[in-house]
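The values are calculated or read from the model by the stated rules, or taken from the named source; none is laboratory data. Predicted model only: the values in this text are computed from it and were never measured. All Cβ positions, glycine included, derive from the backbone under ideal geometry; neighbour counts span all protein chains shown. We work out accessible area using only protein heavy atoms, side chains counted, and drop any ligands, DNA or RNA first. Shrake-Rupley method; radii C 1.70, N 1.55, O 1.52, S 1.80 Å.
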Amino acid sequence: MRLRNLDLFLALGIAVLNVVWAIVATTAGLANLTAISTILALPLIFVLPGYTLTEALFKNHALEIVQLLVFTIALSLAVSILSGFALNLLPTGLHTLPWAVWLGTFTAIFALIAYFRRRAQPLDAQPWKSPFRLSTSLLSGLAILVMVLSVVYSVIGAEQQSHQAFTNLWLLPTTQAGNTCAVSFGVQSFEAAPVNYHIVVTINNAPTASWPSILLAPKQQWTHVEPITVTGGTLLVVQVQLYRANQPQVVYRHVDLTLHIASKGGTKYQCTTSFISPPALD
Amino acid sequence: MQRCPNCGTVLPNNAGFCAHCGFSLKSAADKASRTKSASRTSARIGDVKVKEPPVLPATKKTPLPVEPESGEIKEQPLLATIEETPRPVEPESGKMKNMPALPVIEETPRPIEPESGKIAPVPTLPVVEETPRPAELEDIEVKETMALSAIEKTPPPVKPEDIEVKETIALPAMKKTPRPAEAEDIEVKETMALSAIEKTPPGGERDIDSLNTIAMPVVPQTPGPVQNKGRGKRPAPSSVEMQKTLPVAAVEKKAPQKGLSDQYPRVDVYSDGTFVMYRGSSSTGGKSQSTIRRSNPPAKGDPDTMATLLLPSAPGGKTKGPIRRAWRVISAILARAQDPEPERLKRPEAHTNPVGWLPVLALTSALGLFTVVTAYNAARDNTPGAELYFWLGIGLIFLPATVRFLFAGASRLERVGLLCSVAICLYLVKVTLSPIYFIQYDEFLHWSTVNDIVATGHLFAQNSLLPVSPFYPGLEIVTAALSNLSGLSTFQSGLVVVGMACLLMVLSLYLLSEQLTGSARIASIATIIYMTNPHFLLFDSQFAYESLALPLATFVLFAMTRYELLNNNRRWVLLAAWLALAAMIVTHHLTNFIFEGLFLLWAVIYLFLRPLPLRKSIVIPTVIFGLILTVITVTIIGNTVISYFTSFFGDVGGEIAQALTSSGASGSRQLFSNTAAQPTPLWERLISLAAVGLITASIPFYLLCFWRRYRRNALLWLFCIMAMLYPVTQVLRLTDTGAEAADRASSFIFIAISLLSAIAIAQFFPVRFLKWKQPVLICCAIFVLFMGGIILGNGIPTSFMPGPYQVVADARSIEPEGIQAAIWAHTYLGPDNRVATDRDNQLLMSAYGDQYIVSSIAGDPDITDVFFSPVVDTYEISLLKAAHVHYLVIDMRLSKGLPQIGYYFEPGEPGAYTRTKPIDAQFLTKFDTVPQINRVFDSGDIVIYDTGGLINAPAQP
């Protein structure tokens, strides 16, 4: 009796494990252990609901192995898709724990139905025998290994593909404590090797700040917030120019910002890029 | 398991009717029992033994044994029926009779040549030939035949014309009137089959019964060649192809109540087309075989004498020459198209190892995958010869399995395993194209929807690039579920989901084909041919809703077909089908509409054919259920699917109208030409044209096979209609939008084409005639389809393989600089800003940047004029204001080349598809001159402008 329903108990066990793991992972901060989560989640989504539903629907082993496989995958996908609509109606939404509980509950219900429907069936005494011998198993394993190696090889190839190197430079308005005007700018290098940069900041074409040497490794980022002293007028044009140290005469990147200064009383100003009258185009 | 007496389909034990032809098994059983009881009233030649108790009662259905490992039906030995039947009992003693020995079945060790040590060839059977044939041999033949007739094939009631025709071949007449001429041979052929095949009205149940009666599955050992050689009148045929015995019905009618007499003629047919008719020896012994008559050798190139035996004579009686040869070819084609058992082997092969060649061929496919990956890596480094490696790898994946499928030796387990192996490898061909992030256009659209679901925990968020996507979130739901539960990224989760869908597609199609044809071989060939459709390799393997909806729809088709065959468990199959149908409906609109249309057509055909009472069919309830769900889905507030389709088909119709009305070729799309892409090499053009031509030219043969064998099956009627749509869809390739429609349609039409192709291959190349030439020919044709499909659907390999950046080329335009710009936008600008940019940066800004993309498809004003204007003037500002564009993302590389897709920003932009010169760089840098437009980001090639100051400015007084 126990062996006959081993598959159902296994399904039930995996469903319960998923729920437990979802609770533990969300509360104990173990969500980054993706290997365990993946091993548990894959059967819960692609196998268990469909398999237990198929076993509940069809008695007396009405489906042979390929049909059972197809029904399992198709019904699992169907149950998962339709469950998404149901979860959407709940305030919990489509998040980790609701998913685990919902699919686990369905699996348990279907397994229970299958269990009771199986009670009237005769025990299938014929044990399953693998058609694979040692040699064929080794060859099949080798085939799978080659497939995995192919994927790994392609990942290495894609990661090592040479792309054009570049550097990001940006400039944005910001506010500082005390409602004074400021701009933030930064550099991020995606060059193939470490690069030494030189940055110059000008306001209304007057140099106000400069960083003659900023050495950045690939993917390294440098940011800075520069307060702006308002001396009068309503418009400030802030420009940031980036040079490579080995080519100091050539502007490598440049960004600019036109700020609208609005007084908020006293020495307080508000700097925005909006509500600026369009230029006199006519 | 049992077989349909009408068409030979393997059916479950509890099936009450055949899904192929709708033949009622109960009526067949009753008919068989009636025939059996009637047969006892008269003595027959063939059923001396058959009338004994060992003959199974007609109502008793013996289930075919199934191999536990593979689930395949075991090959049935010829004497299986005899062995399983109870032995007759002597009435006097009540003891069982001793059954005669069966010497022919016993395997005799073959002699070994002393010189070479090899097994000597056994071309002749002198003992059997020279001596009277033992009675058991004749008995075995007849027993098997009659057992089959009793269980599966019920001979039709004999009609007067049949009797008349069969009298023509009565032995005395033949002996008295020697007829040496070839034309007369054909007359004999006609007399053997004409009444049964051609004179019966087509479409009737009796028609199919007659065909089954004519085709005799008995293949005894043929002693003919030795006899011919011994007489020295004519060189003996090199090998014996097969032997044709007379139909049982004919023997019964002309037998003069003498038991197995020597008047039973036997015809040996040889591979060169000649045949010899013998007076057969009998169980009475005494007489050896003697030749009654011998035909002259047929004309050279005779396709199939066996086939011509079954067909009417040539028109014009004694006409010779090309007309006659053509008629013989046509006759052979017609005969083969209706061969009721094309899968029958000369000698049944026992599957000693159900796994067969699976491990070796899986390894071959894996090596093919590795070769393709090598080609990709070579392409990434711009190494020449990458395309050659690609085709080599594709061939390694595809061809060995295809060859294996063509032969009958593969078990069902091996076929299924090989299909999975090929499908997985082909899917990995797509995955390894870009194994670290999405690169296909459609993948980004759905990725955005997944991101919204994961972020908000709810459905129906806005997707600016594909507004209809959130209303069909099936794929995204499963991906979000996996991503949530496993912690994998959306990219990784998407790959797993689509991989499972790919597996489901292949297995569902296999089972559907197997269900319809009853043959694992045809099913595997059909599935491998489906893989040749232009969208299988890349498009239907990408992370897009059709990739999941199509497998679900195929599963629904399979479940519905299975339902039609069952008596028990029907309502549960119905439930399963409807569950999958509901999931499909909420997954992809186009698949839903197409399959709803197909179901509707299926229902109409069903109403005409009425293979079953309407209340017993699943078709009409499913159509109603599907239509109700479709209406609910479409009428959800905000669902833009109707406008989505009207705009698409409007574009197609407009382009077709333009192509038809414009003079010359100016209005139509030029094939194999792209203003930006490199020209398609001539050989690849020819391959793709050959693929289309091959399918189009094969359609009449599909229809012929269908009409001859499956015309009672409503679903195959539907498939034929779908197949006939194929040439129509190819005409659409003459327009730009229509070409996409043609490719999209191929995923659906190929379900029909693949199955009909496999049936045609099975019919015209029966396994008993397969040498090495035919499989090679078929494999070459299928591989041409595959290569042509890849080129038609995706372009030449160099255009979709990895490589350096190309301007607006979708996959080749997705590179780190654009990705980093989008990530920066998300980090520093925040989500949901209104962004206007070119086609490929739209994808990146939407998926990586989580921005709202201003586009026509989302109902925003068309602002492409802003990009093509040399200055920012009042009109351009008004456009930006109207569309509330907050950020402009300008890729300076646009000015360095023509767009590979045909346009830079939107399909309706000025100069789309016809541009011959790249966009002017000055058009792209003009925003630097406007003070109110801020240049906030610069990566060298990509510049982001903040237009907030401009669009939010108050109007000028």
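Extension gain B:ALA657-B:ILE636, at 0.36 nm per residue separation less the Cα-Cα distance, in nm?
The span from B:ALA657 to B:ILE636 would gain 4.2 nm if fully extended.
What FRET efficiency comes out for B:ASN382 versus B:LEU725 if R0 is 41 angstrom and r is the Cβ-Cβ distance? Round to the nearest 0.05.
Efficiency computed from Cβ-Cβ geometry: 0.50.
Which of B:SER434, B:ASN451, B:GLY395 sits closest to the plus end of the dipole of the stretch B:384-473, meaning its Cα is farthest towards the positive end, when Lys and Arg get +1 and Asp and Glu get -1 on the C-beta?
B:GLY395
Given labels modelled 7 Å from the Cα in the Cβ direction, how far is it in nm from B:VAL604 to B:LEU689?
3.6 nm
Once both labels are modelled 7 Å past Cα along the beta-carbon direction, what's the B:SER647-B:LEU392 spacing in nm?
Modelled inter-label distance: 4.6 nm.
What is the sum of charges around B:PHE701, taking Lys and Arg as +1, Asp and Glu as -1, for the other residues whose C-beta is under 11 Å from the C-beta of B:PHE701?
+2
Could you check the simple spin-label distance between B:LEU777 and A:ASN32, using points 7 Å along Cα→Cβ, in nm with one decimal?
Computed distance between label sites B:LEU777 and A:ASN32 equals 6.5 nm.
For a Förster distance of 45 Å, can you work out the FRET efficiency between the beta-carbons of A:SER130 and A:ILE23, rounded to the nearest 0.05?
Working from the Cβ atoms, E equals 0.75.
Under the 0.36 nm per residue contour assumption, what length would be gained going from the current alpha-carbon distance of B:LYS896 and B:ASP865 to full extension?
Stretched fully, the B:LYS896-B:ASP865 segment lengthens by 9.2 nm.
How many percent of Cα pairs in the stretch A:1-73 exceed 17 Å?
More than 17 Å apart: 51 percent of the Cα pairs in the stretch A:1-73.
About the Cα centre, and with charges only on the beta carbon of Lys, Arg (+1) and Asp, Glu (-1), how big is the dipole of chain A? Nearest 20 debye, please.
Numbers: 13 positive and 9 negative charges, 176 e Å.
Here chain A has a charge dipole of around 840 debye.
How much accessible area does B:PHE783 have with a 1.4 Å probe, in Å² rounded to the nearest 10?
Surface open to solvent at B:PHE783 totals about 30 Å².
Given a 1.4 Å probe and the protein chains all in place, what does the accessible area of A:VAL250 round to, in Å² to the nearest 10?
Ignoring ligands and nucleic acids, A:VAL250 comes out at about 80 Å².
B:ASN934: net charge of surrounding residues, Cβ under 14 Å, Lys/Arg +1, Asp/Glu -1, itself excluded?
Combined, the nearby Lys, Arg, Asp and Glu give -3.
Of the cross-linked pairs B:LYS430/B:LYS896; A:LYS59/B:LYS616; B:LYS881/B:LYS917; A:LYS219/B:LYS881; A:LYS219/B:LYS926; A:LYS129/B:LYS616, which ones have a Cα-Cα span greater than 32 Å in the structure shown?
Pairs exceeding the cut-off: A:LYS219/B:LYS881; A:LYS129/B:LYS616.
What does the C-alpha gyration tensor say about the overall shape of the stretch B:794-924? Classify as rounded when a/c is under 1.5, otherwise prolate if a/b is larger than b/c, or oblate.
Details: a/c = 1.82, a/b = 1.17, b/c = 1.55.
Cα axes put the stretch B:794-924 in the oblate bin.
Rounded to the nearest 0.05, what FRET efficiency do A:ALA165 and A:THR223 have when you use their Cβ-Cβ distance and R0 = 22 Å?
Efficiency at R0 = 22 Å is approximately 0.60.
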